[in-house]
Structure formats: C-alpha cells, structure tokens
Amino acid sequence: MDELKKKIKKLAETYSTNLKERIEGRKEEMKSDDNSHYLIYRVLGITTEEGKLIDIYQNTGRFLYKYAGSFLEEAATLCFNYKFPEGIKSKVQNTLGRRPQTFEIDFLNNNDALEVKWRDATTDGDHITKEHTRVQVIKGHGYKPIRVMFYYPQREQAIRIQQTLKTLYAGVDGEYYGGEEAWDYLKNYTGVDLKTILTEIAHESVPVVSNELSHVVSEIKKNELDGDK
C-alpha cells in the first residue's frame, strides 16, 4: 500500500509540474495577444484589470479541468491495478453501428468493464444515444458495463442526463456509481481509500496558480499607474 501511495503522490507531482508549465507558457503567449476586445468588456462594465484576470482564469481553467480529470482517472486506475494487476485498458468492436468503430474500456477485469470518469458535464442529448450504444455493445461482448464517476456535474440539464445514463446501465444489468458512491465503490472494490490518500497529498501540496495570479494583479496595477503618469 505504501508503494501505491508513493506512485499516486509522484503522479500528482508530475501533473502539477506539467500544469504549471502549460499555464506559464500560455501566459507568455497572452502577452502578445490583441486585447482590443477589452473595449467591449469595458462597455459591459468590466474593467481592463478585471478583463485581463478573467482571460487568465479562463485559460488556466481549461488546462486545470483537463489535467484534473486525467490525473484522477489515472490515479483511480492505479488503485484498480493495485488490486487486480491483470486488469487492462481495452477496446471492443462496435457491433451495432459504424461509428465509432470501437468503444474503449478504461479497465477490464474479467467480466467487469469499467468506465472511469472524474466528471461528465455534457448536456448533449446525442451523448445519451452514444452511451446507450456503448453499454449495449459492451454487454453484447459478454462484459458488465460499470460506470464510476467521482463528481456529478453542477448544471440541471447535465444532471438529468446522468440520471438517464444511470437508468441505461440498470437496463443492461450494469452498474452506475456517481459522487460519493464512486469513492465508496473504488474503496470496496480495491481496498484502497483513494479519497483519503488524495486529501493527504492536497494538504502537502504547494499552490501552482495563486502566487502567479497575485503577481499578474500587481503587474497590471503597475502598468496602469505608469500609464497615468
């Protein structure tokens, strides 16, 4: 178990370093951006300072969501592999249509075909159709579709879609776990309390973004003061 914790901590450090590099790289790119659209921000009551911060947060947020999702899904997979080292990522042929040609299984352990997601915030109705096909195909290959999603979306429409997906899984004798149920399922399935491990890592983590944004705020204010001289 100690070795697993070390692997998860190392994984977190790697993702944190890569995230910081991507954020810093994007901020450098943004220094040469055309900011003429700030005129519209100001028309709508958003100051230039606020507009710059909003753009920085927006770009940072896109990277953060991507890295957060990939990290959690990879960390969870490490837990599954810890308990079931023979489990693998796999694909099955789509037997009910041409597109996509295959469906991916995040972790295949005997007949358990797990889809591991950190969050699914889609509001696209076509997503339901695709998922329905996916679980039917997986079931047809002789596997049990199991969805493990650690965080529910916030918006009402996205929540309704998740409720529909839960019904779809039940309809093919599959299993659906969302929110706290997902953390509990992982713990019961693998014997690993991933949430506690991540909480411990979070307490030790050094902030990646806050100090950077504080520096940006100071820089914006300095530039505005220089411009008033």
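Quick note: the coordinates plus some simple rules give every number you see, no bench work behind them. Small disclaimer: the values here were computed from a predicted structure and weren't measured. Backbone-built Cβ (ideal geometry, glycine too); neighbour counts: all protein chains shown.
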Exercise. Taking Cα centroids, how far is the stretch 47-78 from the stretch 117-142 in Å?
Worked result: 25
Problem set entry | Intensity falloff of the stretch 1-133 expressed as log10 I(q)/I(0), Debye formula with alpha-carbon point scatterers, at q = 0.12 Å⁻¹ | -0.74
Seminar exercise, completed: Of the convex hull drawn through the C-alpha atoms of the chain, the volume per residue in Å³ is 161
Exercise. Rounded to the nearest 20 Debye, what is the dipole magnitude of the stretch 65-201 about its Cα centre when Lys and Arg each give +1 and Asp and Glu each give -1 at the C-beta?
Worked result: 440
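Which whole-number percent gives the relative contact order of the stretch 85-192, counting Cα pairs below 8 Å spaced six or more residues apart?
24
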For this session: Could you give the C-alpha radius of gyration of the stretch 85-192 expressed as a fraction of 2.2 N^0.38 Å, taking N as the number of residues it contains?
Result: 1.04
Problem set entry | For the chain, built as a Gaussian network whose Cα springs stay under 10 Å, the top-fluctuating residue of Ser36, Ser16, Ser70 | Ser36
Seminar exercise, completed: Cβ-Cβ cut-off under 11 Å around Tyr38, Lys and Arg +1, Asp and Glu -1: the net charge is -3
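Taking the Cβ of each residue in Ser32, Ser90 as the centre, tally the other Cβ atoms inside 10 Å and list the residues starting with the fewest. Don't skip to the end; give the middle numbers.
On the way: Ser32 7, Ser90 15.
With the fewest neighbours first, Ser32, Ser90 line up as Ser32, Ser90.
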Problem set entry | Extreme residue, positive dipole direction of the chain, given options His203, Gly174, Leu64 (C-beta unit charges) | Gly174
Problem set entry | Candidates Ile54, Ile201, Ile161: whichever shows maximal mean-square fluctuation once the chain is modelled as a Gaussian network with Cα springs under 10 Å | Ile54
Exercise. Aspartates and glutamates near Lys9 by alpha-carbon distance under 18 Å, same-chain residues fewer than 8 away left out - which ones?
Worked result: Glu73, Glu74, Asp193, Glu200, Glu204
Problem set entry | With eigenvalues of the C-alpha gyration tensor scaled by 5 and rooted, the stretch 49-92, Å | 37, 11, 4
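Please identify the trypsin sites (Lys or Arg not before Pro) of the stretch 5-71 that satisfy two criteria: DSSP loop assignment and at most 16 other Cβ atoms within 10 Å. Which are they?
Lys31
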Problem set entry | the chain, dipole about Cα centre (Lys/Arg Cβ +1, Asp/Glu Cβ -1), debye to the nearest 20 | 580
Exercise. Where both partners of a DSSP beta bridge lie in the chain, what percent of those bridges are antiparallel, to the nearest 5?
Worked result: 40
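Calculate, for Ala68 and Thr123, the FRET efficiency according to 1/(1 + (r/R0)^6) with r their C-beta to C-beta distance and R0 22 Å; round to the nearest 0.05.
Efficiency for this residue pair is about 0.65.
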